[in-house]
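Notes for the one structure printed next.
The values are calculated or read from the model by the stated rules, or taken from the named source; none is laboratory data. Treat the numbers as computed from the prediction; the structure is a model and nothing was measured. For neighbour counting, all protein chains shown are included, and Cβ atoms are generated from backbone atoms with ideal geometry for every residue, glycine included.
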Amino acid sequence: MKTAIYPGSFDPITYGHLDIMSRAAKLFDKVIVLVSYNPAKPNCFFSLEERIEFVKRALGELKNSENIEVDSHDGLLVDYFKKREADVIIKGLRAMSDFEAEFQMALVNKDLFYKAETIFLAADVTGTFLSSSMVKQIAAFGGDVSAFVPHTIITDITSKLEIKK
Ligand code: ADP
């Protein structure tokens, strides 16, 4: 039984994230999507509860989501990794720009806990430009984000942006 952890802020989840989840679910017996606190991104636009709820709703759009679980954690990833007796950490790579930080993080996690291996999945070619911040920027100016995020969360995104205006 091989367990993978896919951590991220998911602020909000995009089709790029969903693609990584779906592919990881085919490779591992269990995938835990870990909605995490990232000290490098302290000001998430959506609350932890909203981000978890969006991931759960988005997973409803996937055919193969039976082995995907959603959880949250605000400490060291390796502590959660040990607690869940996981086998790998999954990361999505969009471009060289992701690589530097992700490579460093993978080395640090391995140093903190020797069993914490990181596996990188290359982003789907259609999602290489897609990011949560881009979605928020487009939605903030009233643009159409339906190609980028699951339709079940679009109204939540636009209405929160309206309230914050
Ligand atoms: P973080 O706060 O850790 O950067 P994100 O929510 O931005 O979290 O991303 C979580 C993971 O998903 C990271 O490994 C990131 O590289 C990957 N990712 C983000 N967007 C995409 C995408 N469009 N395609 C593939 N992977 C992606």
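Points to keep in mind about this one:
- In segment 97-128, the residue that is nearest to Val149 (Cα to Cα) out of those that are among the acidic types (Asp, Glu) and modelled with pLDDT of 95 or more is Glu117.
- Strands (runs of 3 or more DSSP E) fully within segment 1-76 counting 3 or more residues that are within 14 Å of the ligand (Cβ to nearest atom) and among the aliphatic types (A, V, I, L, M): 30-36
- Put simply, of Leu77, Leu59, Leu130 the only residue that is touching a Phe, Trp or Tyr at 6+ places or on another chain (Cβ under 7 Å), crowded, with 16+ Cβ neighbours inside 10 Å and closer than 23 Å to Ser22 by Cβ is Leu130.
- Test set (1) closer than 18 Å to Ser133 by Cα; (2) assigned to a helix (DSSP H, G or I); (3) among the basic types (Lys, Arg) - Lys91 fails condition number: (2)
- The residues of segment 99-127 that are over 16 Å from Thr14 (Cα atoms), part of a helix (DSSP H, G or I) and not polar (S, T, N, Q), listed by number, are Phe99, Glu100, Ala101, Glu102, Phe103, Met105, Ala106, Leu107, Val108, Lys110, Asp111, Leu112.
- Residue ID - farthest from Ser9 (Cα to Cα), chosen from residues in segment 80-98 that are surrounded by 13 or more Cβ atoms within 10 Å (Cβ to Cβ) and among the small types (Gly, Ala, Ser): Ala86
- Among (1) closer than 20 Å to Ala106 by Cα; (2) more than 15 Å from the ligand (Cβ to nearest atom); (3) assigned to a loop (DSSP other than H, G, I, E, B) - the single one Lys82 does not satisfy: (3)
- Looking only at segment 12-31, residues that are within 17 Å of Leu77 (Cβ to Cβ), under 11 Å from the mean Cα position of the chain (by Cα) and either surrounded by fewer than 22 Cβ atoms within 10 Å (Cβ to Cβ) or of a type in the set (D, E, K, R) (or both) come to 0 in all.
- Restricting segment 92-125 to residues that are free of Cβ contacts under 8 Å to residues at least 24 places away in the same chain and β-branched (Val, Ile, Thr), the residue that is farthest from Asp79 (Cα to Cα): Val125
- Residues in segment 128-147 that are outside any helix (DSSP H, G or I) and within 15 Å of Phe45 (Cβ to Cβ) were compared, and the one that is farthest from the ligand (Cβ to nearest atom) is Phe141.
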